[in-house]
């Protein structure tokens, strides 16, 4: 059996293309546009701008935009998206009551643990809108201006907001699981306990300062 290997550039393009596919799938869901409204940081506003751009492009399988060395379509974009995903899951858990969704969220948060450090704890130079966007667009101009204020203080605020959401999600799941403890539904109780354990891990990790 022949095993195929990808070069570093090919692997990066594959990941970025998968990211674009993920965005398009999210956009195809009814009522999903609210997910891409900027909430907590420059990075989240950037993901919203990218989502609007992804909608406009005619995609070819395996193709990713690239306007040169300063193109925004690079590996750091995946870190931004990982942080965005974590925040959206925390928001969902504040209102979600279905144990089957708790199970899915537990799995997703476990997979995203590796993103905590680069997305929230380590200071990164901000990604700027590039020529893949219309730079005269007022939104892009606003993002470029906002990036100049992305300092250690902004990183702290982003981390603090994520930690608070993790804690709120933990207490929300804890309150909703009481009914299952009383009924003795051990399957649902285990799902709730597993999810609360993951949320506690996130809360503890977001206390760190590297």
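Quick note: the coordinates plus some simple rules give every number you see, no bench work behind them. Quantities reported herein were computed from a predicted structural model and do not represent experimental measurements. Neighbour counts run over all protein chains shown; Cβ positions are idealised from the backbone, glycine included.
Quick one: 176, 191, fewest Cβ neighbours within 10 Å first, how do they rank? Don't skip to the answer; put the middle values down first.
Working: 176 18, 191 22.
In order of increasing Cβ crowding within 10 Å: 176, 191.
For a footprinting-style exposure proxy, rank 186, 193 by other Cβ within 10 Å, fewest first.
Lowest to highest Cβ neighbour count: 186, 193.
With a 10 Å Cβ neighbour count serving as the proxy for reagent exposure, in which order, fewest first, do 202, 171 appear?
Fewest-to-most ranking of 202, 171: 171, 202.
Calculate, in nm to one decimal, what residue 24 and residue 189 gain on full extension: separation in residues at 0.36 nm each, minus their alpha carbon distance.
Answer, rounded to one decimal: 55.9 nm.
Please give, to one decimal in nm, the separation of the simple spin-label points placed at residue 70 and residue 57, each 7 Å out from Cα toward the Cβ.
1.9 nm
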